[in-house]
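Everything on this sheet refers to the single structure shown next.
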Amino acid sequence: MTFLAGTNSKNHPLRVGIGGPVGSGKTALVEALCKRLRDSYDIYVITNDIYTKEDQLILTRAEALPAERIMGVETGGCPHTAIREDASMNLAAIDDMSVEVTTPRTFVQSHRLRDGRTVHVLAEGRLLNLAAAEGHPAAVMDMSFANQALAAEMIARNPERLPAAVHRVPLEVDREVARLKLEAMGVPLQKLTPEQERYLDSWEEGT
């Protein structure tokens, strides 16, 4: 879960942003913050609800805040789903609410709603980093999959040496994957000189 807070001057409200995977407790954290701070501060909550009022209902039933202090996504928000079913966003409802749909760039649809708000839908609501292939391009993911495959092989070959626990991928596996990747790209691999290795291992120079 990600927790961010900030304000750009004393005349502007403090904004707290909470993000994280489905089921990680984001709404529960918002509920706890509202109950703790509502008597001392003037609080509003902006959720990523576009069509439904799920988060608003949860917070109002928990008596965290009155419904009028909980609003849907603000203009310019970019909601997207972190699961593999784009239907979870109710895209048909967004289409019904839209008076204009434009595509400012690949994988971005801007829906101008009847109430004047604009909602940006990324990758048609699908798993963004895979559908848009910009967060995890194949040129990077092949190394991740190679690491996973070699780690699985290591487990299969050494069951008696690996007790049930979380183990780090050995450094030699990481380095071999990197070496093969560079070799496939035609990039020569330079080895560090002893002086460079001493510099990297020391805390005497640099930042």
- Has the stretch 137-154 got at least one residue that is open to solvent by 60 Å² or more (accessible area, probe 1.4 Å), modelled with pLDDT under 85 and not in a helix (DSSP H, G or I)? no
- Message: Being within 14 Å of residue 149 (Cα to Cα), among the hydrophobic types (A, V, I, L, M, F, W, C) and outside any helix (DSSP H, G or I) is the filter here; which residues of the stretch 169-200 pass it?
- Response: 169
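The values are calculated or read from the model by the stated rules, or taken from the named source; none is laboratory data. Remember, it's a predicted structure, so these values are computed and weren't measured experimentally. When the accessible area is computed, the model is the full protein with side chains, heavy atoms only, and any ligands, DNA or RNA have been set aside. Shrake-Rupley method; radii C 1.70, N 1.55, O 1.52, S 1.80 Å.
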